[in-house]
Amino acid sequence: MGSGVLNTYLDLLPVTSATPMITLGEGDTPLVKSNRLGRELGCTELYFKLEGCNPTGSFKDRGMVVAIAKALEEGTKAIMCASTGNTSASAAAFGAYCEIPTFVLIPKGEVAMGKLAQAMIYGAKVIMVDGNFDVALGLVREFTGRNDVTLVNSVNPYRLEGQKTAAFEIVDRLGDAPDYLFIPVGNAGNITAYWKGFSEYFKMERALQRPRMMGFQAEGAAPIVHGQMVSEPSTIASAIRIGNPASWNGALRAKDQSGGVIDMVTDDEILDAYKTLSRHEGIFCEPASAASVAGLIKLVHNGLRLDDKRSVCVLTGTGLKDPELANECAEGPLKTIEGDLEEVRNNLQHLIEYTIRYFKQILKQYG
Ligand code: F0G
């Protein structure tokens, strides 16, 4: 454990004797059982896969380590990606670790502060494009096609190879695949990779079943749901603000072959799920990640029954990526008081008394 994706799943990845076994400690992320939401939704077993616990705070490290290892094996001189933020943070970290120059195009003004800070401090050359993610990815594809620079977006097949290991981990941990997997969809690489992982394990009889793949886009950026490209995608979940997903067909295959759905959730539903996860489960994820939970809540409210079912929600990135949003969502302004006990008492005494009364009542209920 903790030895990284390449070492752990060596025989299931495109590793040769010439592949450098690099790692920043990616993978082996927690699968946490829901404390409250599962009960409230009548979901017998609900788990959250905390991909924010990867070294750069998102699931991207799983695929990036494989893409970079293969790039090194092939003698690459530089790597490049377009990104809504997390891919660039991950590419920049592995680029730094392996001393490969890293070039990043990001949509201007659309990347959360934490992600941009990561790419910069890891030393990537970051350039903002006056356009959205789809424009930036188009440019990167063209540029890398003409130059000796390796493209490390998820159109690089090694990225999906690495990302499929999250499905392996879920099966290894639960003893079988879950009945349902809820997952956010942006460029659609991750849902494609999970389906590949579950399918491989199923074929090898390491799992007895495959889950229904439940993918969720944001309402203002839901090209797959509408069956057409969105030229100006918009959502508070900047990570999935994508109008023309590169792995569109992969997402449709995952949905069709698994009997799942590709559906959408509104920004309000995403924010509600984001706050619910923080306040009632102690899990701080980024808004795009909360789309999986928003989708679960939406479908259960629409009649999906999950009693006697095992479900996993993939939480793709940590909430620390976007602290500004968290502050905006927090209740009330922060107050400053004088540094003396009287002031602390004035401000907190009634709250503490209330809390104690509340807990006494609860304890009485339990006898
Ligand atoms: N969640 C987070 C936190 C993401 O950063 C992304 C994608 C997704 C979900 C969607 O995954 O694209 O495989 O369907 N982020 C990319 C990036 C686009 O550039 O970091 P997907």
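Descriptive notes on the structure:
- Percent of C-alpha pairs per 5 Å bin, region 47-185, short to long: 2, 10, 20, 23, 19, 12, 7, 5, 2, 0
- The Cα center of region 114-128 and the Cα center of region 226-280 differ in position by 25 Å.
- Extension gain from Met204 to Asp307, taking 0.36 nm per residue of separation minus the Cα-Cα distance: 34.2 nm
- Radius of gyration over Kirkwood radius for region 319-363, both on Cα atoms: the Rg/Rh ratio is 1.15.
- Among the trypsin sites (Lys or Arg not before Pro) in region 334-364, those placed in a DSSP loop whose Cβ has at most 11 other Cβ atoms within 10 Å are Lys335.
- FRET efficiency estimate (nearest 0.05) - Cβ-Cβ, Met128 to Thr266, R0 25 angstrom: 0.35
- Proximal charge balance of Glu328 [Cβ under 12 Å; K/R count +1, D/E count -1]: -2
- Overall form of region 1-84 per C-alpha gyration tensor (a/c, 1.5; a/b vs b/c): prolate
- Kirkwood-Stokes translational diffusion coefficient of the chain, alpha-carbon pairs, 20 °C, 1.002 mPa s, µm²/s: 101 µm²/s
- Lys/Arg +1, Asp/Glu -1 at C-beta; region 1-160 dipole; positive extreme among Pro101, Gly57, Gly138: Gly57
- The distance separating the Cα centre of region 196-214 from that of region 16-87 comes to 19 Å.
- For region 166-216, a Kirkwood hydrodynamic radius built from all Cα pairs, placed in the Stokes-Einstein relation at 37 °C and 0.692 mPa s, yields a translational diffusion coefficient of 305 µm²/s.
- Calculated accessible area for region 49-129 comes out at 33 Å² per residue, all protein chains present (probe 1.4 Å; ligands, DNA, RNA ignored).
- Cα shape, region 99-158, gyration tensor, a/c 1.5 rule: oblate
- Among the GluC sites (Glu not before Pro) in region 313-367, those located in a DSSP loop and surrounded by at most 15 other Cβ atoms within 10 Å of their own Cβ are Glu331, Glu338.
- Dipole axis of the chain (+1 Lys, Arg; -1 Asp, Glu on Cβ), positive-most option in Ala91, Gly295, Ala167: Ala167
- Percent of Cα pairs exceeding the 24 Å cut-off, where the set is region 208-339: 34 percent
- Partner lysines whose Cα lies under 29 Å from the Cα of Lys125, excluding those fewer than 8 positions away in the same chain, are identified as Lys60, Lys70, Lys77, Lys108, Lys115, Lys164, Lys321.
- Accessible surface of region 256-317, 1.4 Å probe, proportion on carbon and sulfur as whole %: 43 percent
- Gain in span if fully extended, Glu142 to Gln228, counting 0.36 nm per residue against the direct Cα distance: 28.7 nm
- Surface accessible to a 1.4 Å probe, His280 within the full protein complex, Å²: 70 Å²
- Loop sites in region 180-270: GluC sites (Glu not before Pro), DSSP, at most 12 other Cβ within 10 Å: Glu205
- Volume per residue that the Cα convex hull of region 269-345 spans, once the total is divided by residue count, Å³: 134 Å³
The values are calculated or read from the model by the stated rules, or taken from the named source; none is laboratory data. Owing to the predicted nature of the structure, the values given are computational and were not obtained by experimental measurement. Cβ: placed from backbone, ideal geometry, glycine included. Neighbour counts: every protein chain shown. Keep in mind that these areas ignore ligands, DNA and RNA; they rest on the heavy atoms of the full protein, side chains included. Shrake-Rupley method; radii C 1.70, N 1.55, O 1.52, S 1.80 Å.
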